[in-house]
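See below for the structure under consideration.
Here, each number is a calculation from the coordinates, and none is a lab measurement. This is a predicted model, so every value here is computed, not measured. We place every Cβ from the backbone using ideal geometry, glycine too, and count neighbours over all the protein chains shown.
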């Protein structure tokens, strides 16, 4: 294999693909398509056969994840009963480079009989598919990247770009925001950042030692060890937060006081510690920790009663910092 020739050929292929997108004709058909999609009160059904069918699946997934309910319909299965998923309130987007794909053509009369609006993404704006469609978006390319000009490459890249353009414009017109995006992506990093509250990640009950201000340091250390925690939360007689005692506090006092274990925790704790409020986002807790170079943060309610403890390790594991 000639390294230089290989790299040159790769650049040629990529340029063909880039040109396929850059040279797309953007006209009023896009406006028609967007109007149908924006006014759709049902689902957006996306269909295509072969390689365009795979692109159709991706377009459908993008639409669904950005606030426009969508499903992918296999054209061959559609004529054997799956057309029952399509209603008059739906908008159908059909992908076919030639516009003459048999499986797609067989759907067209039935889609029109059902009453769905039909949008074509095709390389042939004079095709049978185009003639049946309410909006026809051209995805015509000069040539495929395939040396035989046969394998769908540049044409499917163009279709994908058209689908992305429609989905993103629709997202913007609907005012779809980050909170809604996170709702549909709860397992992703953005979803965690926008959805997880401090209550979802905090340590509580036996994993959060809450100690009276009069307790001795040695007893506090026992409770911290039992809880496998890095700190204890110190409260007054009413159960309100007074301070926090951490591993760092212990290390700082060890060299200063030989009788530290028999001292009352109130004398050695960090008073008025940084806190996070019940209902706050977990990611905000992470910011407070990072800005103040601390590893533990007490969660308090409106009455300043501690209800949990957040450890930096929990946030790191969850990808929140």
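Here are a few things to note about the model shown:
- Translational diffusion of the chain was estimated from the Stokes-Einstein equation, with Rh taken as the Kirkwood radius over Cα pairs; at 25 °C and 0.890 mPa s the coefficient is 101 µm²/s.
- Beta bridges by DSSP in region 198-317, antiparallel share as percent, to the nearest 5: 70 percent
- By average C-beta atoms within 10 angstrom, highest first, the peptides 10-23, 67-80: 67-80, 10-23
- For peptides 302-308, 123-129, sequence by mean Cβ density within 10 Å, most packed first: 123-129, 302-308
- In terms of packing, defined here as the mean over residues of other Cβ atoms within 10 angstrom, the peptides 37-49, 272-284 line up highest first as 37-49, 272-284.
- Here the simple spin-label model places points 7 Å from the Cα toward Cβ, and for residue 254 and residue 149 these points are separated by 7.8 nm.
- Residue-averaged 222 nm ellipticity for the chain, from DSSP H runs of 4+ at -39500 (n - 2.57), nearest 500: -13000 deg cm²/dmol
- The long axis of helix 51-65 is offset from the longest Cα principal axis of the chain by roughly 40 degrees.
- Degrees between helix 282-292 axis and first principal axis of the chain (Cα, 0 to 90, nearest 10): 50 degrees
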